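The values are calculated or read from the model by the stated rules, or taken from the named source; none is laboratory data. Since we're looking at a predicted model, the values are computed, not measured. In this analysis, Cβ positions are derived from the backbone assuming ideal geometry, glycine residues included, and neighbour counts consider all displayed protein chains.
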Amino acid sequence: MLTPDIAIIPEHVAIIMDGNGRWANKRGLARTMGHSKGVEAVKETVRAAGELGIRYLTLFAFSSENWNRPEAEVSDLLGLLRRFIRRDLAELHRENVRIKVIGERDKLRGDILPLLLEAEETTRNNTSLTLVIAFNYGSRDEIARATVRIAQKINAGLMDPSAITADTISDHLDTAGIPDPDLIIRTSGEERLSNFLLWQAAYSEFVFLPDYWPDFNRDLFIEALKIYASRDRRFGGLSARPAAVMG
Ligand code: IPE
Ligand code: IPE
Ligand code: MG
């Protein structure tokens with residue numbers, strides 16, 4: 001596989017995989033077909049991320065608000081996640097991929113939680129790509145849960161309220177230890193976060209693609225990475241780029 005010429009590869013890419021339903025509608029198919037095709041795009045994306053030297057790939061698989069969908073669709077989505085882990089865990093493990101799951105876990109019922117824990121446990125010492133699966137994930141819920149944990153430590157006398165910093169909050173989020181996303185990609189033409197990584201996205205670059213998620217592939221990934229590489233990240237400071245190349 002030819003390595004594309006991309007000036008800067010982000011350390012962490014997060015993706016809001018959107019548009020499965022519309023992809024199917026456009027073809028006169030049931031929404032569930034869009035979700036199945038979306039899983040193929042996930043596989044290609046994970047492979048490409050590893051090949052391109054990305055260290056962290058976060059995929060928004062199911063939001064805390066997606067429970068509001070009809071029961072049959074929720075059950076389809078859970079079924080696909082189950083199948084993905086059952087069928088593809090061994091291969092991901094062979095490819096040295098480390099899996100980490102973010103999102104609310106305590107209220108999950110059935111076999112989903114044990115499966116997610118198994119995926120994390122099996123791959124915990126792997127050292128290539130870290131694949132972060134955002135499942136039952138909502139950023140406000142994550143921040144609320146982090147706040148509870150901090151309050152509990154204060155109550156137990158383990159933490160001084162005046163010592164709380166932004167890092168304290170980061171360290172209590174589900175993403176503790178994972179660098180903030182450099183690039184957030186959303187497919188399907190929607191341009192919103194939908195409760196995804198609100199805290200962590202403080203300085204992320206955004207790339208919104210018109211394509212529906214099932215059509216996402218290595219080429220579109222590379223296109224997004226090239227857009228990212230052309231951006232000038234300033235973090236509130238001044239440009240590190242030579243003035244001559246600035247617009
Ligand atoms: C993304 O596609 C998959 C999930 C949200 C789980 P959608 O199902 O949201 O597809 P659209 O947005 O309705 O087209
Ligand atoms: C965001 O997409 C959630 C995932 C991709 C898992 P949605 O389709 O749920 O977002 P909204 O409802 O259009 O904002
Ligand atoms: Mg959607």
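Summary table below
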| quantity | calculated |
| --- | --- |
| Criterion (surrounded by 14 or more Cβ atoms within 10 Å (Cβ to Cβ) and under 26 Å from Pro10 (Cβ atoms)) met by exactly one of Thr122, Thr130 | Thr130 |
| Positions within region 77-92 being surrounded by 13 or more Cβ atoms within 10 Å (Cβ to Cβ) and over 16 Å from Asp111 (Cβ atoms), in sequence order | Asp88, Leu92 |
| Flag if Leu77 is in contact (Cβ under 8 Å) with a residue 24 or more places away in the chain and over 20 Å from Ala224 (Cα atoms) | yes |
| Any hit, region 102-114, residues being surrounded by fewer than 18 Cβ atoms within 10 Å (Cβ to Cβ) and within 16 Å of ligand 3 (Cβ to nearest atom) | no |
| Residues satisfying the stated conditions in region 53-71, i.e. surrounded by fewer than 16 Cβ atoms within 10 Å (Cβ to Cβ) and more than 11 Å from ligand 2 (Cβ to nearest atom) | Gly53, Pro70, Glu71 |
| Residue count, region 159-178 (criterion: under 17 Å from Arg145 (Cβ atoms) and hydroxyl-bearing (Ser, Thr, Tyr)) | 3 |
| Qualifying residue in region 195-214 (condition: out of contact with any strand residue (DSSP E or B) (no Cβ under 8 Å at 6 or more places or on another chain), modelled with pLDDT of 95 or more, in a loop (DSSP other than H, G, I, E, B) and acidic (Asp, Glu)) | yes |
| Among (1) touching a Phe, Trp or Tyr at 6+ places or on another chain (Cβ under 9 Å); (2) within 14 Å of ligand 1 (Cβ to nearest atom) - the single one Trp67 does not satisfy | (1) |
| Search result, residues across region 206-246 that are more than 21 Å from Ala41 (Cβ to Cβ) and charged (D, E, K, R) | Arg231, Asp232, Arg233, Arg234, Arg241 |
| Residue among Leu183, Leu198, Leu193 that alone is hydrophobic (A, V, I, L, M, F, W, C), surrounded by fewer than 15 Cβ atoms within 10 Å (Cβ to Cβ) and farther than 18 Å from Arg105 by Cα | Leu198 |
| Single condition Asp141 does not satisfy, out of (1) in a helix (DSSP H, G or I); (2) surrounded by fewer than 13 Cβ atoms within 10 Å (Cβ to Cβ) | (2) |
| Unique residue being under 27 Å from Arg233 (Cα atoms) and either within 11 Å of ligand 1 (Cβ to nearest atom) or modelled with pLDDT under 95 (or both) when the list is Ala49, Ala14, Ala7, Ala24 | Ala7 |
| Count of region 1-52 residues which are away from ligand 2 (no atom under 16 Å from the Cβ), touching a residue at least 40 places away in the same chain (Cβ under 8 Å), farther than 18 Å from Leu220 by Cβ and among the small types (Gly, Ala, Ser) | 1 |
